[in-house]
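Shown next, in C-alpha cells, is the structure this report addresses.
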Amino acid sequence: AKRDPMRRVCFYDREMDEAARLRKRLASDLRTALKQEEFTLHYQVQTAVPTGEICGYEALLRWYHPELGEIAPAEFIALAEENGLIVAIGDWSLRAACAEAATWNPPYKISVNLSPSQFVHPDLPEKIAAILAETGLDPSRLELELTEETIVVDKARALLTVRRIKAMGVTIALDDFGTGYSSLDTLRSFPFDRIKLDRSFVQDLETNPQATAIVRAVLSLGKSLNIPILAEGIETSGQLTILSAEGCDAVQGYFLGRPATPRQIVESGAIIRHA
Ligand code: C2E
Ligand code: CA
Ligand code: CA
Ligand code: CA
C-alpha cells in the first residue's frame, strides 16, 4: 500500500509526458499543415426566429492530420496562437470562407472567427479589403466574430480597428457573450451589429429557472440597445421553444444543424452554388 502513491506519480508522469509529446508534435506539424492543405472549413447554419429562415453560416476550421485524423480547433487553435501560426491559419480561414460564400445563392451571410493576434495585426483592415476584392464577396455579407478576450487587450485601439472594418460595410459580432468579465462595459463602448449569447446559458434553459431569467435579461438588453441576439448551442426543441417565446432573434446549434462540409449544405438544398 505504501508503494501505491509512488506508482501513481509515475503513471501520471508518463501520461503528462505523452500529452506534452503530443502537444509538441502537433505544434511542429502545424507548421506544415497550411502548405500541405490539411485545413478545411465546415459551415454551421444560423436561422432566424421565429420564421426558421436561414440567415447565414458560421465557418469553423477543421484540421485533418494525415496520421491522427480530424483534430478539433479546441486542441490546435491555442497552440497556433502560442507559436504565432494563428495569423496565417486565420487568414487562410477568412479567405477560404469568403471564397466559398461568394459562390452561394441565395447570398447568405458568412461569419468568420478572428483570434486575438489576428485582430491586433496592424494589416488586418487591408487584408480584409484585399480578400473581399479578390473573392468578389460583397462586404455586407461578411460578419467577423470577436470575443471580449480579443478586445480587452487594448480597447482604444480595438475600437479604431472595429470602426475601420465597419466602414468597409463588414459587420461585427460579439462572440461567447456572458463568459467574459466586463460584458456591460464592452457593450457600452463598441458598435456591435450582433451579440452571440454563449451556449452555456442555453444549456441550462430547461432545467434551471435562473438561466431563463438571465437569458430574458440579455434579450431585453439587446432590445434596448437595438442589437439582435443570436443564441448559440441549441440542442433541443425545448430550448428553441423557450428562446422563441422570449423573443430571441436568431439561433445556431446542433438542433438546427451540425457544422457541415460545403458539399453537404449544397446537397441539403439550402444553397445553390454558381460557378
Ligand atoms: P465558437 O466560435 O464559439 O464556435 C462554436 C463552437 O460550438 C464550434 O466548435 C461548434 O462546432 C460548436 N457547436 C455548435 N453548435 C453546438 C451545439 O449545439 N452543442 C455543442 N456542444 N457545440 C456546438 P468548434 O468548431 O470545435 O470550434 C471551437 C472554437 O474554435 C470556436 O468557438 C472558435 O473560437 C474557434 N475557431 C473555429 N474556427 C476558427 C477559425 O477559422 N479561426 C479562428 N480564429 N478560430 C476558430
Ligand atoms: Ca464563433
Ligand atoms: Ca461562440
Ligand atoms: Ca468560443
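Values for this structure:
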read-out: Furthest towards positive pole of dipole, Gln118, Leu132, Ile195, structure part the chain, Cβ charges; value: Gln118
read-out: Förster radius 41 Å - calculated FRET efficiency between Lys24 and Val152 (Cβ-Cβ, nearest 0.05); value: 0.85
read-out: Segment 44-166 - charge dipole about Cα centre, Lys and Arg +1 at Cβ, Asp and Glu -1, debye rounded to 20; value: 520 debye
read-out: The chain: calculated mean residue ellipticity at 222 nm from DSSP helix runs of at least 4, using -39500 (n - 2.57); value: -15000 deg cm²/dmol
read-out: Distance in nm between pseudo-label sites at Gln36 and Ser200 (7 Å out along the Cβ direction from Cα); value: 3.6 nm
read-out: Square roots of five times the Cα gyration tensor eigenvalues for the chain, Å; value: 31, 26, 21
read-out: For segment 67-149, fraction of C-alpha pairs farther apart than 18 Å, in %; value: 45 percent
read-out: Alpha carbon convex hull of segment 153-275, volume per residue in cubic angstrom; value: 142 Å³
read-out: Label-point gap, in nm, between Ala88 and Arg188 - each point 7 angstrom along Cα→Cβ; value: 4.2 nm
read-out: Most fluctuating residue given options Val87, Val202, Val152, as computed from a GNM of the chain linking Cα atoms under 10 Å; value: Val152
read-out: Distance from segment 161-190 to segment 216-245 (C-alpha centre basis), Å; value: 18 Å
read-out: Backbone N within segment 230-255 under 16 Å of label point (7 Å from Asn208 Cα along the Cβ vector); value: 232-235, 239
read-out: Potential lengthening between Ile272 and Thr103 on full extension [0.36 nm per residue; Cα-Cα distance subtracted]; value: 60.0 nm
read-out: Antiparallel content of DSSP bridges confined to the chain, in %, to 5; value: 45 percent
read-out: For segment 65-71, Karplus couplings with θ = phi - 60° (6.51, -1.76, 1.60), whole Hz, Gly/Pro x; value: 6, x, 10, 8, x, 5, 10
read-out: Lysine-lysine proximity count for the chain, Cα under 23 Å, sequence distance 8 or more or distinct chains; value: 13
read-out: Cβ-placed point charges (K, R +1; D, E -1), dipole of the chain about Cα centre in debye, nearest 20; value: 300 debye
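Each value in this text was obtained by applying a stated rule to the coordinates, not by laboratory testing. Only a predicted model underlies this, so the values are computations on that prediction, with no experimental measurement involved. Every residue, glycine among them, receives a Cβ derived from its backbone with ideal geometry; neighbour counts consider all protein chains shown.
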